[in-house]
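Reviewing the structure listed below.
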Amino acid sequence: MSFAKQMREFAEKSQRGYRQVVATSLFDLSGVIAEMTPRKEGRAAGNWFPSLGTPDLHIDEDATSFNEALAEQITDGAAGHVFFLTNSLPYIRKLEYGLYPKNPATGNSTINGFSTQAQAGMVRVSIENYQKFIDNAISKL
């Protein structure tokens, strides 16, 4: 086998590995964010929408769980593109940043303005651990 052919094969294998690491790590990150999202109503976890290039800002009133098939499809092509994971529900910021009133009408579902199910948010915590998702994806190669 010629040196040039070996280099082409190496480059192709590296590109496949890069695309796989990007896809796997973003898929895992998206799933964890959705999993960490409080499920009292179900809609919040079901309204995380992955997209490439432009945020997907729609709301699905009937969604009760994260669409893993859509996430896999979108993240598969994410390498080289800007990836978005959006949730346009009006109360998603309250879930992430703990902005519920001190004496909410929701009973015991909040602590100091945060949901008891996501006291540190979902997105910020997951993003801080993104390197672990990358490392895990690399270990799967």
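Just to be sure, is P50 part of a loop (DSSP other than H, G, I, E, B) and either surrounded by 14 or more Cβ atoms within 10 Å (Cβ to Cβ) or under 11 Å from the mean Cα position of the chain (by Cα) (or both)? The answer is no for P50. Residues that are at pLDDT below 95, among the acidic types (D, E) and not in a helix (DSSP H, G or I) are absent from region 88-98. Only one of the numbered conditions (1) open to solvent by less than 20 Å² (accessible area, probe 1.4 Å); (2) in contact with a Leu (Cβ under 8 Å, 6 or more places away or on another chain); (3) assigned to a loop (DSSP other than H, G, I, E, B) is not met by A44, and that is (3).
When each of L70, L57 is tested for being open to solvent by 20 Å² or more (accessible area, probe 1.4 Å), under 14 Å from the mean Cα position of the chain (by Cα) and modelled with pLDDT of 90 or more, the lone residue that passes is L70.
The values are calculated or read from the model by the stated rules, or taken from the named source; none is laboratory data. Everything numeric here is computed off the predicted structure, so don't read it as measured data. Using ideal geometry, Cβ is built from the backbone for each residue, glycine included, and neighbour counts are taken over all protein chains shown. When the accessible area is computed, the model is the full protein with side chains, heavy atoms only, and any ligands, DNA or RNA have been set aside. Shrake-Rupley method; radii C 1.70, N 1.55, O 1.52, S 1.80 Å.
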